[in-house]
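Read the figures in this text as sums done on the coordinates, not as results from a lab. Owing to the predicted nature of the structure, the values given are computational and were not obtained by experimental measurement. For neighbour counting, all protein chains shown are included, and Cβ atoms are generated from backbone atoms with ideal geometry for every residue, glycine included.
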Amino acid sequence: MILYCVIRTGVNAKHQVENGIGLLGRSNLLASRIVAEMASTTAYEPETYPHHWLPESVELKTWAQIEPWYQQLLAMPIDSAEALEAWLVAAGELNGAVGQEGVERYIAMTCQTDDPTHEAAYLEFIREIEPRLKPIQNEIRNRYLDSPYRAALPRDRYFVFDRALENRRALYREANIERETQLAELEQGYQKIMGAMTVNFRDQERTLAQMAVFLEEPDRALRQEAWEASATRRLADRETLDRQFDEMKQLRIAVAKEAGFSSFVDYAFRLRERFDYGVPETVLFQDSVEKVVVPLAREIQEERRKALGVETLRPWDLSVDPSGRDPLRPFKDVDKLAEGAEQIFREVAPELGRQFAYLRDHKLLDLANRKGKAPGGYQTTLEDDRLPFIFMNAVGMDGDVRTLLHEGGHAFHTLACRGEKLAAYRECPLEFCEVASMTMELFGAKNLDPFYEGKDAARSYRRLLEGIVLILPWIATVDAFQHWIYNNPAHTPTDRAEAWRGLIERFGGEVDWTGHEDARDFSWHRQLHIFLYPFYYIEYGIAQLGALQLWARALKDRPAAVADYRNALALGGSRPLPELFAAARIRFDFGADLIAPLMETIREELSQLEE
Ligand SMILES: [Zn+2]
């Protein structure tokens, strides 16, 4: 279950740009576009968006190259509302081009973490460029917010933009830049520790992602052995991870204090731009999940226990097929994965199939797992080209199909709003980004024929639905845990482990941890969000509720649900969160009365699936 969440990680990670892995530069992109045009008249042809202000061929790899452009931007005269809007477009171009430099370096590093040149290039960006950008971004923000011409801009169009910028200005403190750089390095250190974990199992050195494959093996003793090997390896680093986390916690609290907040919780909510919900709503989410989701999750686990014919469900019994069938193996090589996904997208909507074909043709995917690649999966945006890039670690498991459908949903979102003029509106609140991706997993779940024959498709669909029921309590656990951490900042690592255990008891299933209490009490170490993106997790729960609503509608009328989905995606981030939900004709609500009927629909759907 934890791995399931780890997979969905740095979504739309705003790590920003050079590649070295065959990513397309601007001129190549144009050349391949011509080839694509000749190959098929019906192929997806993304619009190109030439710069209005910045030269097309500008090089922005070093601070010496970047800085003069920002100086020019800040010196530009603004003498009318129109000039202010044009200036915003110019700022968006420059930020996008510099941002793409950072994104390309991030992609290159995660594709090959064992190549020190990529690591150095990325670290150079976060150490040499990002810290210098921050005060300039602040100046740009102030220039806009203080402009006398802002009042003449259409209020409805700029409301979301202004609200975000005013909030960022209120939170910004120059004295925090140093702390944020230290945090970024600690965060990178966490990824390095986790990425370096391997075990020697059956005479072979294996990554923990590779070890997860054994948890699907019908042989219970083999599963136990594999699970214990991984758990032991993780626990070997537990003190280092606890120490690192304490350092991060202290830095975060200091950042909040500097910005005038007595609590990191309130600071984090503002930083995450949670304008449309607050602490009471997240507590409501936790309570609703406990009330109406946890009982169904426990039913599912009880059925699993019976089907497996075991006395108690152990941590190594959670991924295997309960009827003892061999693991689903949907594809052998990643070309088949990409081809099958394209076919599914085409069945959901032909245009989406064409868009995905474009990503395949233009090498905007890196799908295969290999040694040295960072764990997990993400979709990021090459901002200057306004194109998505998908990264994942496919090894031939059922979950890989789902991950690609998920990241595909993010990519369609990027493509749906790439025509938006205001760069900030080409980004969207994470709570809605995940509606785009999670809905695509559900829309695609009844079209799995490229990967499965006969009953295997139903098996995969069942896994998806059960996974959703099981992930919601996990999200509530991770969320409640972070509230506890930052509401009780003086705690010790032992207090923290106890608090975590209490939450596992409240939200967890009927898993028997006897003999492995330590693995349970430190299992939060695997949840990278707690380390890397504090409080970023409930977004997945909020989005899942949105995705389930669209899915429930699609069960009755899929074309209508797909149309609503695409209409809402096209808005990008130009509207507040509740309006984005409304555009997809779904409710933005965390109450038990919204969630209970969704759980009922899942229960009915599960009961109709053939075993
Ligand atoms: Zn996602």
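Within 10 Å, count the other beta carbons around each residue, average over each peptide in 467-474, 84-91, and list them highest first. The partial results should precede the final answer.
Details: 467-474: 22.1, 84-91: 18.5.
Descending packing order for the listed peptides: 467-474, 84-91.
Could you let me know the centre-to-centre spacing of the range 296-369 and the range 199-260, using Cα atoms, in angstrom?
With the range 296-369 and the range 199-260 each reduced to a Cα centre, they are spaced 23 Å.
Considering amide H positions built from the backbone, and no H for Pro or chain starts, which residues 5 or more places from residue 365, or on another chain, come under 5 Å of its amide H?
Amide H to amide H, under 5 Å and 5 or more residues apart or across chains, residue 365 pairs with 390.
Step through the residues of the range 390-395 one at a time and calculate ³J(HN,Hα) from phi using the Karplus curve (6.51 cos²θ - 1.76 cosθ + 1.60, θ = phi - 60°), rounding each to whole Hz and writing x for Gly and Pro.
Here the 3J(HN,Hα) series is 10, 10, 7, 10, 6, 10 Hz.
Using a 7 Å offset from the Cα along the Cα-to-Cβ direction at both residue 233 and residue 220, what is the distance between the two label points in nm, to one decimal?
A separation of 2.5 nm, rounded to one decimal place.
Within the range 490-523, report the GluC sites (Glu not before Pro) that DSSP leaves as loop and that have at most 16 other Cβ atoms within 10 Å.
Here the GluC sites (Glu not before Pro) that fit, given the DSSP loop and packing criteria, are 510.
For the chain, what is the calculated [θ] at 222 nm in deg cm²/dmol (nearest 500), taking -39500 (n - 2.57) for each run of four or more DSSP H residues and dividing by its residue count?
Details: 26 runs with 376 residues, N = 611.
Computed ellipticity for the chain at 222 nm equals -20000 deg cm²/dmol.
Considering only DSSP states other than H, G, I, E and B, which trypsin sites (Lys or Arg not before Pro) in the range 532-611 qualify as loop sites with at most 15 other Cβ atoms within 10 Å?
Within the range 532-611, the qualifying trypsin sites (Lys or Arg not before Pro) (loop, at most 15 other Cβ atoms within 10 Å) are 587.
Taking the Cα centre as origin and putting +1 on Lys and Arg beta-carbons and -1 on Asp and Glu beta-carbons, what dipole magnitude results for the chain, to the nearest 20 debye?
On the way: 74 positive and 98 negative charges, 77 e Å.
Rounded to the nearest 20 debye, it is 380 debye.
Using R₀ = 56 Å, calculate the FRET efficiency as 1/(1 + (r/R₀)^6) where r is the Cβ-Cβ separation of residue 555 and residue 198; round to 0.05. Numbers along the way, then the final one.
Numbers: r = 43 Å, r/R0 = 0.77.
E(calc), rounded to 0.05, equals 0.85.
What order do you get for 380-390, 237-247 when each peptide is scored by the mean count of other beta carbon atoms within 10 Å, highest first? If you can, show how the numbers build up before the last one.
Details: 380-390: 23.8, 237-247: 15.5.
Taking the mean over residues of other Cβ atoms within 10 Å, the ranking is 380-390, 237-247.
Which lysines have a Cα less than 26 Å from the Cα of residue 291, not counting those fewer than 8 places away in the same chain?
The qualifying lysines are 306.
If you take every DSSP beta bridge whose two residues both sit in the range 301-404, what share of them, in percent to the nearest 5, is antiparallel? Let's see the in-between values first.
Numbers: 5 of 8 bridges.
Roughly 60 percent of the DSSP beta bridges within the range 301-404 come out antiparallel.
Round to the nearest 10 and give me the degree value, 0 to 90, for the angle of helix 334-348's Cα axis relative to the longest principal axis of the chain.
80
What does DSSP give for the chain in terms of the percent of beta bridges that are antiparallel, rounded to the nearest 5?
65
From the phi angles alone, apply the Karplus equation (6.51, -1.76, 1.60; θ = phi - 60°) to the range 233-242 and give each ³J(HN,Hα) in whole Hz, x where the residue is Gly or Pro.
Calculated HN-Hα couplings, in order: 4, 5, 5, 4, 9, 5, 5, 4, 5, 4 Hz.
Would you grab the residues whose amide H sits under 5 Å from the one on residue 387? Only those 5+ places off in sequence or on another chain, please, with H modelled 1.01 Å from N.
382
Which ³J(HN,Hα) values in Hz, rounded to whole numbers, follow from the phi angles of the range 70-87 under the Karplus curve 6.51 cos²θ - 1.76 cosθ + 1.60, where θ = phi - 60° and Gly and Pro get x?
Along the range 70-87, the couplings run 5, 4, 4, 4, 5, 8, 5, x, 10, 10, 6, 4, 5, 5, 5, 5, 5, 5 Hz.
Starting from the coordinates of the alpha-carbon atoms of the chain, obtain the Kirkwood hydrodynamic radius over all distinct pairs and give the value in Å to one decimal. Don't skip to the end; give the middle numbers.
On the way: mean 1/r = 0.0396 Å⁻¹.
In the chain this quantity evaluates to 25.3 Å.
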